[in-house]
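Read-outs: derived from the displayed coordinates by stated rules, not from any lab. If you're wondering where the values come from, they're calculated on a predicted model, not measured in any experiment. Cβ atoms come from the backbone with ideal geometry, glycine included; neighbour counts cover every protein chain shown.
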Amino acid sequence: MEVRMLPEPHTVESYRRSVLGLVTALPAETVGLAEGLGRTTAEAVTAAFAVPRFDNAAMDGYAVRAADLEGASPESPAVLVRLEPSRAGSPQPRPLRTGEARPVMTGAPLPPGADLVVPVERTTSGRFDDGATVALWRDAKPHIRNRGEDIAEGAPIVRRGVVLGPRDLGLLAATGHTVVRVHRAPRVALVVTGDELFSDAGPRAGIPDSNSVYLRAAVTALGGDVVSVQLVRDDEDALRRVLDSAARKADLIVSTGGVGPGTHDLAGRLAAASPDGTLARVAMRPGRPQAHGRWRGTPWLALPGTPAAAFVSFEAFVRPVLARLAGALTGGEPASETVSVGWPGRAGAVRFVPLAVEADADAIAVHPLGSPDHASHSLSAMFRAPLIAMVGAETANVETGQLVPVFEPA
């Protein structure tokens with residue numbers, strides 16, 4: 001099987017567009033709110049209930065008619081007939097008649113006809129009594145929460161394509177929803193290749209498999225469902241069998257290793273020979289060799305095997321593919337940070353550089369973690385850094401005080 005690598009390198013942006021072309025949003029399903037965390041809304045949601053749902057007391061006091069307190073003062077309070085109290089969760093009380101006051105607790109429904117809540121502190125005793133009457137005067141504020149003053153019934157509350165967080169779910173519950181329409185979580189099969197790798201704990205020759213551990217955790221953190229993890233030797237028949245199995249159960253296959261020009265680099269060749277397949281060089285450091293395609297109809301992203309390169313490749317290409325599968329409308333735009341310390345470099349490729357963020361009483365310092373010239377091998381820096389800089393291909397040296405695009409890794 002002979003597959004030629006494309007002679008001209010992709011840019012990061014063009015290769016990202018290429019892999020995104022492999023996928024569309026997964027079908028929608030209805031789930032309970034408890035299952036919605038991290039899922040992406042398939043449709044816009046409006047409020048089923050108003051918030052507040054009914055006029056209610058904003059504090060403990062007495063619901064009264066303002067006309068009954070005309071001229072009342074601390075020196076000459078109005079004396080009204082005291083009714084049974086109403087608490088939060090009580091049914092709607094009967095309408096208030098002239099000369100009546102109903103004790104209400106915070107959140108209690110306001111009786112029809114009442115247009116003021118007098119705080120209990122504005123009574124002659126300053127507390128709730130059991131007497132037949134109460135002497136009180138009005139306060140400067142009405143202390144009423146009106147129906148719908150926060151959220152009107154039917155008002156938009158969550159847009160389509162939103163990744164649901166705890167506050168979104170709380171808002172849905174508060175506005176009368178118990179279920180929500182979301183896109184199905186992506187099912188991902190992970191395939192890690194290489195004769196040199198081992199996954200058991202005992203001491204032995206070779207390199208420990210960290211890629212599958214990282215990828216499983218990263219996919220899960222982003223809301224994906226890892227359906228299988230396979231470590232495969234550099235054997236084409238074995239790799240084909242694993243890919244066949246992965247394609248039957250997954251929406252996306254992600255592999256690491258085997259995308260270079262070597263005789264044992266099988267994954268890139270198989271991916272490139274598949275429908276929509278490409279074996280490419282991408283103008284990025286680390287992560288230059290990349291491949292993608294479809295294996296038995298299932299989209300497949302083949303990443304380099306070096307752990308630091310697999311890490312940045314996941315962030316650059318797999319993360320936006322997962323977002324599209326999950327129904328997100330955008331893949332998210334990078335933020336920017338001003339670096340406190342510059343560093344030299346070569347233009348021509350996007351460089352992914354781990355950054356440290358240090359704060360003291362006076363300022364926040366952002367500077368490279370480890371050596372920017374050895375990012376492709378600086379596994380410890382890549383995995384420890386809170387931010388990763390994406391230095392543009394047109395930029396050589398990064399100057400002190402320069403604004404650079406950054407992202408927070410999964």
Fill in: Unit charges at the beta carbon, dipole of the chain: most positive-side option, Pro166, Pro9, Ile253
Ile253
Worksheet item: What is the mean projected area of the alpha carbon convex hull for the chain, to one decimal in square nanometres?
Response: 28.9 nm²
Worksheet, complete the sentence: Taking a ≥ b ≥ c as the square roots of the eigenvalues of the Cα gyration tensor, with a/c under 1.5 meaning rounded and otherwise prolate when a/b exceeds b/c and oblate if not, the stretch 335-407 is oblate
Practice prompt. List, in order, the whole-Hz ³J(HN,Hα) value for each residue of the stretch 401-410 obtained from phi through the Karplus relation with A = 6.51, B = -1.76, C = 1.60 and θ = phi - 60°; use x for Gly and Pro.
Written response: x, 6, 8, 10, x, 9, 9, 8, x, 5
Worksheet item: Which of Arg281, Arg184, Arg159 moves the most in a Gaussian network model of the chain with Cα springs under 10 Å?
Response: Arg159
Worksheet, complete the sentence: When the chain is treated as a Gaussian network with springs between alpha carbons less than 10 Å apart, the largest mean-square fluctuation among Pro156, Pro142, Pro286 is found at Pro142
Discussion item. Under 10 Å, Cα contacts only: if you run a Gaussian network model on the chain, which one of Ala310, Ala25, Ala356 comes out with the highest mean-square fluctuation?
Written reply: Ala356
Worksheet entry | Computed helical MRE - 222 nm, the chain, DSSP H runs ≥ 4 contributing -39500 (n - 2.57), nearest 500 | -5000 deg cm²/dmol
Worksheet entry | Qualifying trypsin sites (Lys or Arg not before Pro) in the stretch 65-121, DSSP loop, other Cβ atoms within 10 Å at most 16 | Arg87, Arg97
Discussion item. Could you work out the pair-distance distribution P(r) of the stretch 56-145 from its alpha-carbon pairs, with 10 angstrom bin width and percents rounded to whole numbers?
Written reply: 20, 59, 20, 1
